[in-house]
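Data first, discussion second: the structure below is written as structure tokens.
Nothing in this text is a laboratory measurement; each read-out follows from the coordinates by a stated rule. Predicted, not measured: the structure shown is a model, and the values here were computed from it. Reconstructed Cβ throughout: ideal geometry from the backbone, glycine too, with neighbour counts over all protein chains shown.
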Amino acid sequence: MYSKEEASKLKQSFWTTFGQYMASVPSSEGMKINWINYKTGFKHLYFKMDAGKKEAYIAIEINHPDIGIQELFFEQFKEFKKILEGYLNETWSWKLHTEDEHGKIISRIYCQIDPVSVFNQADWPTLISFFKPRIIALDEFWNMVKDSFEALK
């Protein structure tokens, strides 16, 4: 078992490694991008990657405090579900109005793998191989459809 400090350092080390690995990969628009803190340009809409001690996931998270607006975002994503799946080459899970780790109501479209652990460096290549193509695909998808979300800004 790791202390909180050791666990935090290991996680930080993984994300630093992932960031360095992805640094040379341009966005779909050919620009330099911070893949770890991907900016969608929309408040309360995030592309989130997380790795823990038993699993990892990548998600589109909608955490707007107004549940109705959150649902509108979710419905708009559903309109583009086939396009999203085309970019991802897989089907993701869709959860409208679920709780996050802090008990806040969010909506999430995600893909998860397990068993993997960010605390096991032997799993890092698996984690990187999981995150890389999916965050790149999300970027390509988002650049194609983001204008359709402008009315929800």
Inset, instruction - Please sort by residue number the GluC sites (Glu not before Pro) in segment 34-93 whose DSSP state is loop and whose Cβ has at most 14 other Cβ atoms within 10 Å. - result: 55, 90
Legend entry - Degrees separating the helix 124-145 axis from the principal Cα axis of the chain, which is the longest one: 20
Legend entry - Segments 105-118, 22-35 sorted - mean Cβ within 10 Å per residue, highest first: 105-118, 22-35
Inset, instruction - Place +1 on the Cβ of every Lys and Arg and -1 on the Cβ of every Asp and Glu in the chain, take the dipole about the Cα centre, and give the residue among 74, 138, 49 whose Cα lies farthest towards its positive end. - result: 49
Legend entry - Within segment 79-99, backbone nitrogen closer than 18 Å to the virtual label 7 Å beyond the Cα of residue 28 toward Cβ: 79-92
Inset, instruction - Take residue 153, project a point 7 Å from its Cα along the Cβ direction, then tell me which residues of segment 54-91 have their backbone nitrogen under 17 Å from it. - result: 73
Inset, instruction - Label segment 27-111 by shape, choosing from rounded, prolate and oblate, from the square roots a ≥ b ≥ c of the eigenvalues of the Cα gyration tensor; if a/c is under 1.5 it is rounded, and otherwise prolate applies when a/b is larger than b/c, oblate when it is not. - result: rounded
Inset, instruction - For an R0 of 35 angstrom, estimate the FRET efficiency from the Cβ-Cβ distance between residue 67 and residue 120 and round to the nearest 0.05. - result: 0.40
Inset, instruction - Among [x] 134; [y] 118; [z] 154, find the value of volume of the Cα convex hull per residue in Å³ that was calculated from the structure presented, and write down its label. - result: [y]
Legend entry - In degrees, nearest ten, helix 4-22 long axis to first principal axis of the chain (Cα): 60
Inset, instruction - Using Cα pairs closer than 8 Å and at least 6 residues apart in sequence, work out the relative contact order for the chain, in percent. - result: 27
Legend entry - Magnitude of the charge dipole, the chain, Cβ model with Lys/Arg +1 and Asp/Glu -1, debye to 20: 260
Legend entry - For segment 119-151 versus segment 4-64, the gap between their alpha-carbon centres in whole angstrom: 8
Inset, instruction - Compute the FRET efficiency between residue 38 and residue 99 as 1/(1 + (r/R0)^6), taking r as their Cβ-Cβ distance and R0 = 35 Å, and round to the nearest 0.05. - result: 0.95
